[in-house]
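I have placed the structure first, in the form of structure tokens, so that the comments after it can refer back to it.
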Amino acid sequence: MLPLLAACAGPATSEGAIPETCNGHAALCDRPFDEVTLAGTHNSMSSEDDGFQLPNQPHSLARQLDDGVRAMLLDTHPWEGEPYLCHGYCELGATPLVQGLGVIRAFLDVHRGEVLAIIIENGISAEDTAAAFAEAGLDRYVYTWDGGAWPTLGELIAADTRLLVTAESGGPPPDWYQPAWELYVDTPYDFATVDAFTCDVNRGALANPLFLLNHWVADPFPSEAQAAQANAEGVLYDRATACAAAFGRPPNLVAVDWYTAGDLFAVVDALNGL
């Protein structure tokens, strides 16, 4: 079995102080962002804790961050005249967008040594998204990739630009709201069984700098039992390494359903060589 290390949420530090660890590990501080694997959640806002019907995750955004999740796939939609985090039908569960972003900002405020990534399946405009980030105070942490070499986690932390934000459709302005499929390449995500998993290219170009591994099953809806099978070490690690060979590098984001089931954090540590 892979060693299951404790989730690393990083100690609170005073503003301006540079922590000795990056995403919980000193060994990651000198790693460029595009050479690090982050533990991620699919439909991160859709949680049992928050009363969503047919949830993808057991716990809230705050709990996910505390447990070690460092990448989130979020969906935004207009509902009742306001921007919300919800999946398809907001009647089945919804969180005000500003509230959800505020949870992420509060985490970054306290945990100075953590670097996060968000991919937004955006059903609202870039202008409304930027306004929500500003209202939540989260835009103070965003990072804009300039097309060159990626900074290390330590450099992102030193600059306090610790959040990479991308949009599935459209993009800037603002500059930090970058088109996801110009930065990422990903795998398919519509699988009913673990035996159906592939390492095919889905969206984005293989030459893009970042790699998102979509790793969940839904038959027909997500469940803890299905996630326990998909996230088991022998399935998740084997697929991650097989897709790393196919894509020419390890995944940067590993996104799963029901992140507490199985061995997500141990697999991510192994992919990072920890």
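The values are calculated or read from the model by the stated rules, or taken from the named source; none is laboratory data. Remember, predicted model here, so these are calculated numbers, not experimental data. Note: ideal-geometry Cβ built from the backbone for every residue, glycine included; neighbour counts use all protein chains shown.
Remarks
- Test result for R239, assigned to a loop (DSSP other than H, G, I, E, B), among the basic types (K, R) and either over 27 Å from R31 (Cα atoms) or touching a strand residue (DSSP E or B) at 6+ places or on another chain (Cβ under 9 Å) (or both): no
- The lone criterion from (1) without any contact (Cβ under 8 Å) to a residue 24 or more places away in the chain; (2) surrounded by 22 or more Cβ atoms within 10 Å (Cβ to Cβ) left unmet by E80 is number (2).
- Across the stretch 89-148, the qualifying residues are those that are over 18 Å from P173 (Cα atoms) and of a type in the set (V, I, T), and the one among them that is surrounded by the fewest Cβ atoms within 10 Å (Cβ to Cβ) is V110.
- Applying the criterion of being surrounded by fewer than 22 Cβ atoms within 10 Å (Cβ to Cβ) and either within 19 Å of N43 (Cβ to Cβ) or charged (D, E, K, R) (or both) to the residues of the stretch 235-261, the residue that is nearest to the chain's Cα centre (by Cα) is T260.
- A17 being closer than 17 Å to R112 by Cα, over 19 Å from the mean Cα position of the chain (by Cα) and modelled with pLDDT under 95: yes
- If you go through the stretch 126-147 and keep only what is outside any helix (DSSP H, G or I) and out of contact with any helix residue (DSSP H, G or I) (no Cβ under 9 Å at 6 or more places or on another chain), you end up with T144, D146, G147.
- Considering the stretch 218-234, the residues that are in a helix (DSSP H, G or I) and among the polar types (S, T, N, Q) include one that is surrounded by the fewest Cβ atoms within 10 Å (Cβ to Cβ), namely Q229.
- Taken over the stretch 38-75, the criterion of being of a type in the set (S, T, Y) and in contact with an Asp or Glu (Cβ under 7 Å, 6 or more places away or on another chain) is satisfied by S60 alone.
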